[in-house]
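The values are calculated or read from the model by the stated rules, or taken from the named source; none is laboratory data. From a predicted model like this one, the values you see are computed outputs, not experimental measurements. We place every Cβ from the backbone using ideal geometry, glycine too, and count neighbours over all the protein chains shown. Only protein heavy atoms, including side chains, enter the accessible area calculation; ligands, DNA and RNA are left aside. Shrake-Rupley method; radii C 1.70, N 1.55, O 1.52, S 1.80 Å.
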Amino acid sequence: MSEFLKTLVIGATFSAFVATGAFAQTTTEPAAEPAAEATAQEEAPAAEGNAPRNDGLSTGQDVVEVGATYKVSDHGDWELRCIKAPEGKKDPCQLYQLLEDQQGNSVAEINLFNLADDDKLAAGATIVTPLETLLTQNVLLSVDGGKAKVYPFTFCTTIGCFSRVGFTSGDVSAFKAGNSAKIVVVPAQAPDQKVELTMSLSGFTAGFDAVKAARKAN
């Protein structure tokens, strides 16, 4: 449990999410798009040193292939990440954070997106934990030591176990006002122990605004 898949990528999360129809809430999956004025396809990260030159010469730009993940921007401890979609499709995006335990080990991840068209929920998310997680104990999440909420696991794949979470406007407001959230999971091999993960809320407000702006821009 101390070393979760450090190479775990958001693309795998998106793929699993798409396969289960999780994007049907709004347009398609985490329907968040880049925070800048350009579309997500135009926001693919440029090759290093690709700044405009006075002589008009281009140093080139990395090609982002369909299905590849690219980072659009940083917001505190959150990243706005997108998946390159096929031609004519929107690039689905969401906020990402790698979650660490109290020893600083990378254990889990959360991918969060807004749900502008939902009357009851303001945001959705997937929390991905190791396969060794005790599923019957669910996921506990609390903000700044407040009362915790319980979220069940939905399914597992070869990369981990997924909890598909819906956040109300009150939950999102708490994230914006808070300093950090605590996510608690229980390892299957040690059911008498709890693993506490820190979800930093630094930059969350700006990141969530970026997710909402991304939907409109794309």
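Counting only protein heavy atoms and a probe of 1.4 Å, the accessible surface of the range 96-218 is 49% carbon and sulfur. The Val63 and Leu131 beta-carbon pair, evaluated with R₀ = 35 Å, returns a calculated FRET efficiency of approximately 0.55. Classify the range 112-169 as rounded, prolate or oblate from the Cα gyration tensor: take a ≥ b ≥ c as the square roots of its eigenvalues, call it rounded if a/c is under 1.5, otherwise prolate when a/b beats b/c and oblate if not. Oblate, since a/c reaches 1.5 and b/c is not below a/b.
Once you sort the root eigenvalues of the Cα gyration tensor of the range 71-126 as a ≥ b ≥ c, which label holds: rounded (a/c under 1.5), prolate (a/b larger than b/c) or oblate (the other case)? Don't skip to the answer; put the middle values down first.
Values: a/c = 2.51, a/b = 1.46, b/c = 1.71.
Oblate.
Backbone geometry of the range 199-206 corresponds, through the Karplus equation with coefficients 6.51, -1.76 and 1.60 at θ = phi - 60°, to 3J(HN,Hα) couplings of 10, 5, 9, 5, x, 4, 4, 5 Hz, x marking Gly and Pro. Rounded to 0.05, the FRET efficiency of the Leu140 and Ala116 pair, given R0 = 45 Å and the Cβ-Cβ distance, is 0.95. Sorted into 10 angstrom bins from 0, the C-alpha pair distances of the range 157-218 split as 17, 37, 31, 13, 2 percent.
With a 1.4 Å probe and every protein chain left in place, work out the accessible area per residue of the range 63-218 in Å², rounded to a whole number.
Counting only protein heavy atoms, the per-residue value for the range 63-218 is 46 Å².
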